[in-house]
């Protein structure tokens, strides 16, 4: 029987076949293997293929050659028992390992999500249809051609200097962030920034306040760090700083578009939050995950830009505005913490890929990024308007809406007698993928809610999706 058709070369396929046969006991230790001539004739390959497969077996110690006698299975090989092939060993996990295992059971990873639904109101995705891929590809190719040998070595853990300068300049203009380039640390997406913040700032047992509901990635990272979570209820204006515990060492917030409810933290609460941090010697982690998107008046500037005491760590990402696979985000650290965060980044993964950083620096510096953002905002605004209009037409007063003033998703709040899980399941049978707000709560939610992102659907698809959803509700 010839080797199966795979991407591997024929000799590697043959080598794997013999290696597995040796490991599972089909060929026992000390047993003579067929000659290369016999193998070539039996399976219909050249003798050279068989010779190369045997050379690999000899090189890795699975077989021994005896001059004038042939090739034999090594006596040092330990045969795998049938039981060992079917049962995993019992392995003791660390506290972090147990937390990671438990988090994997609670959160829905992207690979587990249903695919190919006709009307997928997806969250946290960018609109790649209008991204200028041709311009991006030209920049990437130009950078690859011009790259110096020194740039192929390990790079600065803090990130590419040109990119840090470009991000710093952009944040000053668009988000009123007060920073120098050396405060900007390039990370592999905002998730790594959240993880580094927890590692650098939290000891097991520390009280950490989070919004309730909140982003699952933040909640699970804090649990893995051993934090004692203090969930802060969120109202139409976000969290109330007057209810923050004085014992909290840290608070994680999404003030520009609270995730997932969409509340925007007003100025009075922003100032009160900063005053709480100053008085209690605490720190604030500001996750500005989609602060680039706003639709009513001027954008609310960053919390970090109001901080006069070095108490805010600012996190941003290009996953929402460019594309998620890029895996480039940034963390703006207070000057007192810059060195510590850079060292923590080095311990984590040395540095973020440099070629992509060079390309992104040129993309921002050329002005293409801001032009693309303006186009994306207009496109998102049209889709948001189409979503709100469809809800008014088909659902009328059966639901309430929050979070429509910014970001790329809204929350639809149906009546209290509605089962959130049943609505999500029934919608799926009609080709509609929506998301319940319940999994984002630490405490039990007070009412059902449905999350609808609108960056990946056009106006016609949004209207039809809501029409079908009205049948479910």
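Within segment 296-311, being in a loop (DSSP other than H, G, I, E, B) and either under 25 Å from the mean Cα position of the chain (by Cα) or under 23 Å from residue 455 (Cα atoms) (or both) holds for 296, 297, 298, 299, 300, 301, 302, 303.
Yes/no matrix, rows are residues, columns are (1) surrounded by 21 or more Cβ atoms within 10 Å (Cβ to Cβ); (2) in the same structural domain as residue 236 (by TED's automatic domain parsing); (3) touching a helix residue (DSSP H, G or I) at 6+ places or on another chain (Cβ under 9 Å):
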site	(1), (2), (3)
354	no, yes, yes
357	yes, yes, yes
360	yes, yes, yes
387	yes, no, yes
390	no, no, yes
398	no, no, yes
403	yes, no, no
411	yes, no, no
422	no, no, yes
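Of all residues in segment 235-252, those satisfying the criterion of being surrounded by fewer than 22 Cβ atoms within 10 Å (Cβ to Cβ), in contact with a strand residue (DSSP E or B) (Cβ under 8 Å, 6 or more places away or on another chain) and within 24 Å of residue 401 (Cα to Cα) are 236, 240. Applying the condition of being touching a helix residue (DSSP H, G or I) at 6+ places or on another chain (Cβ under 6 Å) and without any contact (Cβ under 8 Å) to a residue 60 or more places away in the chain to segment 431-459 and asking which residue is surrounded by the most Cβ atoms within 10 Å (Cβ to Cβ) yields 448.
Residues are listed down the side, and each one gets a yes or a no for (1) in contact with a strand residue (DSSP E or B) (Cβ under 7 Å, 6 or more places away or on another chain); (2) under 19 Å from residue 464 (Cβ atoms):
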| residue | (1), (2) |
| --- | --- |
| 386 | no, yes |
| 417 | no, no |
| 423 | yes, yes |
| 431 | yes, yes |
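Scanning segment 157-187 for residues that are touching a strand residue (DSSP E or B) at 6+ places or on another chain (Cβ under 7 Å) and either on the phi > 0 side of the Ramachandran plot or assigned to a loop (DSSP other than H, G, I, E, B) (or both) yields 158, 159, 160, 177, 179.
Checking each residue in segment 197-228 for being surrounded by 24 or more Cβ atoms within 10 Å (Cβ to Cβ) and within 15 Å of residue 341 (Cβ to Cβ) picks out only 197. Looking across segment 106-148, the residues that are part of a helix (DSSP H, G or I), modelled with pLDDT of 80 or more and surrounded by fewer than 13 Cβ atoms within 10 Å (Cβ to Cβ) come down to 106, 129, 130, 133, 134, 137, 141, 144, 145, 146. From 293, 259, grab the single residue that is surrounded by fewer than 24 Cβ atoms within 10 Å (Cβ to Cβ), within 20 Å of the chain's Cα centre (by Cα) and within 18 Å of residue 406 (Cα to Cα). When all the criteria are applied, what remains is 293. For segment 311-338, a residue qualifies if it is surrounded by fewer than 23 Cβ atoms within 10 Å (Cβ to Cβ) and under 19 Å from residue 268 (Cα atoms), and exactly one does: 311.
The values are calculated or read from the model by the stated rules, or taken from the named source; none is laboratory data. Worth saying up front: this structure is predicted, and the values here are computed from it rather than measured. Using ideal geometry, Cβ is built from the backbone for each residue, glycine included, and neighbour counts are taken over all protein chains shown.
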